[in-house]
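This report refers to the structure that appears directly beneath it.
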Amino acid sequence: MSGRVVHFEIPFDDEKRATEFYTEAFGWNLQEVPGYTLVASGPTKDLGPAEPGFINGGLLARDPAAAASPVIVVDVPNVDDALAKIEKLGGTTVSGRRDVGGFGFAAYFKDPEGNLMGLWEAA
């Protein structure tokens with residue numbers, strides 16, 4: 001189903017401080033991969049939540065040009081088609097389609113209100 005919130009991203013200035021905070025504050029399971037930290041906010045299996053009611057996410061270095069504040073990521077069937085529709089509706093592309101390690105494709109956009117949002121297309 002398209003349009004579901006499937007992921008979140010939280011930027012950091014200090015990776016060690018951020019990972020320690022979220023691990024201690026919420027008991028999140030964090031796994032570092034090159035350039036990113038995967039966050040499991042609950043029981044996980046097969047790259048996704050093992051029970052309904054939560055989503056997983058990630059921590060990444062703050063980038064004022066892209067992720068300067070937390071980002072909600074929405075599932076779409078096709079990132080390029082979604083970006084075209086978003087632009088037609090008054091949004092703007094911040095970062096176009098990029099491969100995410102063979103798992104799928106991601107992109108960032110701003111809605112007409114200036115909010116940064118993410119898109120996800122599963123491989």
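Here are a few things to note about the model shown:
- Ascending count of other beta-carbon atoms within 10 Å, so fewest first, for Val71, Val33: Val33, Val71
- Between the stretch 1-32 and the stretch 86-114, the Cα center-to-center distance that results, in Å: 20
- Axis of helix 15-26 versus longest Cα principal axis of the chain: the two differ by about 70°, to the nearest ten degrees.
- At q = 0.10, 0.13 Å⁻¹, base-10 log of I(q)/I(0) for the chain (Debye sum, equal scatterers on each alpha carbon): -0.31, -0.53
- Taking every DSSP bridge with both residues inside the stretch 5-122, close to 75 percent are antiparallel.
- Three-way shape label, the stretch 54-98, alpha-carbon gyration tensor, a/c 1.5: oblate
- Amide H contacts under 5 Å for Ala61, placed H, 5+ residues apart: Phe12
- Relative contact order of the stretch 5-122, defined on C-alpha pairs under 8 angstrom at six or more residues apart (%): 25
- What the phi angles of the stretch 84-101 give under the Karplus curve with 6.51, -1.76 and 1.60, with θ = phi - 60°, is a coupling list of 4, 5, 4, 5, 4, 8, x, x, 9, 6, 9, 9, x, 3, 9, 6, 10, x Hz, glycine and proline written as x.
Coordinate-derived values only; no laboratory data. Every value quoted in this text rests on a predicted model; they were computed, and no experiment measured them. Glycine gets a Cβ as well: all are built from the backbone with ideal geometry, and neighbour counts include every protein chain shown.
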